[in-house]
Amino acid sequence: MKPVDSGYYPNVDPQDVARAFDPARLVQARRLSRMTKTDLHRLVGVSAAAIGQYERGEVTPRGDTITALARELDVPVGFFAHGRRRAPVDIAQASFRRLRATTIAQQHQAVSYVEQVWELSSYLEESVEFPALDLPPWSLADESNTAPAPDPITAARAIRQHWNLGSEPISFLVYELEQHGILTVLFSLKEEENIDEKGHIDAFSTTALPRPTIVLTPDKANDVMRHRFSAAHELGHIVLHHGRQGSDSVMERQADAFAAEFLTPRDVLVDQLPRRFNMNRLQELSQQWGTSVHSLVFRSKELELISEATARRAYITLAGLAKSGATRAQPIWDFPGERPELLKNALELLDEAGVPMLEVASSLQMTPQRVRRLAGIDDQPPKLRLVRATE
């Protein structure tokens, strides 16, 4: 049995929370834990029908039930009370990469996570000045914006121009996203006890919140090159698809085309790519442009610099090298400019101003551990030391 997290906030009375119970908070907490109503009723000791009634607001749980719900969902008792701002996000409002590889439960979990990211960012913005959103008018998810988005290639060039990036390699992509007002966070499921290794979320984004938000995960592949392409892909969704027109497959191809042009402008790259499969040259360009060799091979084929057959042989070679361990991915953690820092830095500024993490967590009725995870703050690992055996 889990300990009750009300230890963080011992003065919260479950009976008071019952009188101010917010059904949406139970839905959010359950989905974030990726539990079904059946899972939860077995842990709490009420029927699955009762859980449904609580979530629909038809019945209010008793104080002792709220305490049990808090314990099993790993939230403070006060989490379930009305009185805090919330911005609901529907899964239809999020662009999931490789949608068919994820379950509805995983998608609900992911959007519940991004709802809490918004709550934390909204709280922090009351005291810390965040970068203003800096996107061209045609790319904004605004009801008054009726201008159609340009094609993916033109859009990628326009964003580069708008951000004064020229045609040079983008050294730190996630840093650029954050500096131009796009909230970017990491979402890892591997720390969750009830999560298996299959069907991880790859990346997703939403424009349903006041700030466009990109969520990236290292779970499928802790590979900085893939990470950067996913970030550029989601930026493509944000600037191209706020109207959500077209099929998922079409939008995915458009976002891929945007990402390729944004990371590797064709007018520059066409003169740098080899006219045959040259691993040494492709590896040099991979490090220079921050994109994978696999992506550069695809780019070479797309630009008709190599044939389909040459590209196919190159993919087979790359797969063999990866399988044998001859080539290895570069972890995201080795590239600070590719890890989100905005929320983490805002929390540090508040702490310096006399508002510690525990006070932030208390205001949001979250555990400090949850706030750290939302902000991408690593928990310090235990330190190892050698102990000399005594005789």
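Assorted remarks:
- Of residues in the range 108-138 being free of Cβ contacts under 8 Å to residues at least 24 places away in the same chain and either under 16 Å from the mean Cα position of the chain (by Cα) or part of a loop (DSSP other than H, G, I, E, B) (or both), the one surrounded by the fewest Cβ atoms within 10 Å (Cβ to Cβ): 126
Per-residue answers, yes or no, for (1) crowded, with 19+ Cβ neighbours inside 10 Å; (2) touching a Ser or Thr at 6+ places or on another chain (Cβ under 9 Å); (3) among the charged types (D, E, K, R); (4) at pLDDT 90 or above:
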{"site": "144", "(1), (2), (3), (4)": "no, no, no, no"}
{"site": "154", "(1), (2), (3), (4)": "no, no, no, yes"}
{"site": "159", "(1), (2), (3), (4)": "yes, yes, no, yes"}
{"site": "179", "(1), (2), (3), (4)": "no, no, no, yes"}
{"site": "183", "(1), (2), (3), (4)": "yes, yes, no, yes"}
{"site": "196", "(1), (2), (3), (4)": "no, no, yes, no"}
{"site": "207", "(1), (2), (3), (4)": "yes, yes, no, yes"}
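- Scanning the range 41-93 for residues being of a type in the set (S, T, N, Q) and in contact with a strand residue (DSSP E or B) (Cβ under 9 Å, 6 or more places away or on another chain) gives a total of 2.
- Residue match in the range 95-110 (condition: under 13 Å from residue 23 (Cα atoms), at pLDDT below 95 and not hydrophobic (A, V, I, L, M, F, W, C)): no
- Of the residues making up the range 151-182, those that are within 23 Å of residue 211 (Cβ to Cβ) and charged (D, E, K, R) are 160, 176, 178.
- Helices (runs of 4 or more DSSP H) contained in the range 213-296 and holding at least 3 residues touching a helix residue (DSSP H, G or I) at 6+ places or on another chain (Cβ under 6 Å) and closer than 25 Å to residue 89 by Cβ: 224-240, 248-263
- Remark: residue 285 matches the filter, which requires a residue to be within 19 Å of residue 338 (Cα to Cα) and crowded, with 18+ Cβ neighbours inside 10 Å.
- Counted residues, the range 299-317 - those being within 20 Å of residue 264 (Cα to Cα) and under 32 Å from the mean Cα position of the chain (by Cα): 8
- Among residues of the range 212-251 being under 19 Å from residue 187 (Cβ atoms) and surrounded by fewer than 19 Cβ atoms within 10 Å (Cβ to Cβ), the one that is modelled with the highest pLDDT is 223.
- Any hit, the range 268-275, residues being within 30 Å of residue 207 (Cβ to Cβ) and crowded, with 18+ Cβ neighbours inside 10 Å: yes
- Summed over the range 164-181, residues that are over 20 Å from residue 269 (Cα atoms) and in contact (Cβ under 8 Å) with a residue 24 or more places away in the chain total 7.
- Number of the exception - residue 94 against (1) out of contact with any helix residue (DSSP H, G or I) (no Cβ under 7 Å at 6 or more places or on another chain); (2) surrounded by 16 or more Cβ atoms within 10 Å (Cβ to Cβ): (1)
- Residues of the range 25-59 satisfying the condition of being within 25 Å of residue 89 (Cβ to Cβ) and β-branched (Val, Ile, Thr): 27, 36, 38, 51
- Any hit, the range 306-326, residues being free of Cβ contacts under 8 Å to residues at least 24 places away in the same chain and of a type in the set (Asp, Glu): yes
- Identification of helices (runs of 4 or more DSSP H) wholly contained in the range 8-106 with 2 or more residues that are farther than 26 Å from residue 211 by Cα and of a type in the set (Val, Ile, Thr) yields 37-44, 63-73.
- Extreme residue, farthest from residue 228 (Cα to Cα), among residues of the range 321-361 that are polar (S, T, N, Q) and surrounded by 13 or more Cβ atoms within 10 Å (Cβ to Cβ): 345
- Condition met for residue 277 (over 27 Å from residue 235 (Cα atoms) and aromatic (Phe, Trp, Tyr)): yes
- Of all residue pairs spaced 6 or more apart or on separate chains, none has beta-carbon atoms under 8 Å together with a first member in the range 263-276 that is assigned by TED's automatic domain parsing to the domain that holds residue 176 and among the polar types (S, T, N, Q) and a second member that is exposed (fewer than 14 other Cβ atoms within 10 Å of the Cβ) and part of a loop (DSSP other than H, G, I, E, B).
The values are calculated or read from the model by the stated rules, or taken from the named source; none is laboratory data. All of these numbers come straight from a predicted model, not from anything done at the bench. We place every Cβ from the backbone using ideal geometry, glycine too, and count neighbours over all the protein chains shown.
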